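Trainee: My structure is below; once you've seen it, I'll send some questions.
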Amino acid sequence: MRKINALALAAGVTTLVLIAASYFIPWWQLTVGNPVLATVNFSPLNLNFALFNNIITIPLIWALNISCLLTLLAGGLILIIYSVVPTKPYASRLLGYGYKQPLIAVILFVIEVVGLTLSVKAFTGFNFPLIGAGTVGLPAGLAPAGISISVDISAAFLWPFYLAIVVTVLCIAARFYHRKIAKAISTQFPPTSPPSGESPIS
Amino acid sequence: MQAIAVILLLITIGTTVGPVGAVVIMYRDNLPGLVIPPQVQELMSGNTAILAQNVISDDSGGNQGTADVDQMGFVMPTFVSATVDAAAKTFTVTVNVTDFLNYDLTLKTINATVVNSDDGNQLASIQLANPQIISAGKSALVTVSGEWTQAAEDYYTSHPDAESINVKLTDVAIDVNGITVQTSQPIDIGTIPLSLEGLQ
């Protein structure tokens, strides 16, 4: 019976689902106003600002988002390819490439979101929540003299972010499962030549 | 094995450098455009979908689709009507407010206190009668209601010949779509007539 790495297959397919979902639904969303006047939609695949229903996209950021999309797409497809040939000599290289992409995307995203909130607070004094809703006062330096402005703001991580975490967990699980497969193969077919010097997983 | 490694390296380079390089080539004649969104450039030029085109054309002397943002500002409310209930010491004032944005706005609250500029006595308090949605680029009638104080009556009776009074607004708070603007400084309104003639 042909051996497959089911965890890697699940991770690869879920990565493709994540890409499709993330293009339309952000991982993190900040809304300003009630009813909403402006939103910040943030995911590694799509960062944009919507002001009065007008989507504002920065071309360079858009290009980086497309880079991330293509990288995740390549990672997902390579994971799927790996999952059906986990016993081939090059399988470890495929897995080594594929499993890292969602992991890198999630880690970078968390760093960026936390960094964004902290840097905005540090540079402008505008203290908006990472999660939750509240009324936030505009720093005195940003409001005209003699006028105080407060804004209803809410922020939340949306379901694609949690799906991304699931994908990451599946990828890590697939990597550990690959060790089990590799160990089973080495037990079944002990190496007849010295190791080539390459690690099982890069 | 080496071929797989090379292919993966090429995929990494292609997916990373490709889109960024493509955008840089697209914007090679306008490099600031890489980081300044086209929508912001349109807003700075006044030709933007954010602003209601019918209001822009009204304010820009018929120059449809373009307007000087610096000159546009808010469309000032215009007085429509007022009512007075002397027995209840209340009044309402209805004004016509125009939403110059291409977006529906919800006027949730208006609160202010009217004080006499000369002696600082509180004359009346006013508030928005009901939350009001102003459709994009349209005008809506907004009614504020108020109640005058005993100090206002005392002023009226002690100045029977006065035709007007100098007032200012304090504690002004306006909430539009959850954005609340409050003033710590009084807003000088100037003189308003004391006569009730012409009111409904």
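Trainee: Take the residues in region B:96-109 that are more than 14 Å from chain A (Cβ to nearest Cβ) and over 14 Å from residue B:131 (Cα atoms), then tell me which one is surrounded by the most Cβ atoms within 10 Å (Cβ to Cβ).
Mentor: Looking at residues that are more than 14 Å from chain A (Cβ to nearest Cβ) and over 14 Å from residue B:131 (Cα atoms), I get B:98.
Trainee: Would you confirm, using the coordinates I've provided, whether residue A:14 is open to solvent by 10 Å² or more (accessible area, probe 1.4 Å) and under 17 Å from the mean Cα position of the chain (by Cα)? Break it down into steps so the answer makes sense when it comes.
Mentor: Details: open to solvent by 10 Å² or more (accessible area, probe 1.4 Å): yes; under 17 Å from the mean Cα position of the chain (by Cα): yes.
Against the criterion (open to solvent by 10 Å² or more (accessible area, probe 1.4 Å) and under 17 Å from the mean Cα position of the chain (by Cα)), residue A:14 qualifies.
Trainee: Looking for whichever is open to solvent by less than 20 Å² (accessible area, probe 1.4 Å), touching an Asp or Glu at 6+ places or on another chain (Cβ under 7 Å) and either facing chain B (nearest Cβ under 10 Å) or free of Cβ contacts under 8 Å to residues at least 12 places away in the same chain (or both) here; the options are A:96, A:75, A:33. Which one fits? First the steps, then the outcome.
Mentor: Numbers: A:96 fails: touching an Asp or Glu at 6+ places or on another chain (Cβ under 7 Å); A:75 fails: touching an Asp or Glu at 6+ places or on another chain (Cβ under 7 Å).
Every option except A:33 fails the conditions.
Trainee: Looking at this structure, is residue A:63 open to solvent by less than 20 Å² (accessible area, probe 1.4 Å) and either facing chain B (nearest Cβ under 8 Å) or assigned to a helix (DSSP H, G or I) (or both)? If you could, list the steps in order and put the result at the bottom.
Mentor: Working: open to solvent by less than 20 Å² (accessible area, probe 1.4 Å): yes; either facing chain B (nearest Cβ under 8 Å) or assigned to a helix (DSSP H, G or I) (or both): yes.
Judged against the criteria, residue A:63 is a match.
Trainee: Could you check, for region B:110-123, whether at least one of its residues is under 17 Å from the mean Cα position of the chain (by Cα), touching a residue at least 40 places away in the same chain (Cβ under 8 Å) and open to solvent by less than 30 Å² (accessible area, probe 1.4 Å)?
Mentor: Scanning region B:110-123, I find at least one residue that is under 17 Å from the mean Cα position of the chain (by Cα), touching a residue at least 40 places away in the same chain (Cβ under 8 Å) and open to solvent by less than 30 Å² (accessible area, probe 1.4 Å), so the answer is yes.
The values are calculated or read from the model by the stated rules, or taken from the named source; none is laboratory data. These numbers come from a predicted model, not from an experiment. Note that each Cβ is placed from the backbone with ideal geometry, even for glycine, and that neighbours are counted across all protein chains shown. Only protein heavy atoms, including side chains, enter the accessible area calculation; ligands, DNA and RNA are left aside. Shrake-Rupley method; radii C 1.70, N 1.55, O 1.52, S 1.80 Å.
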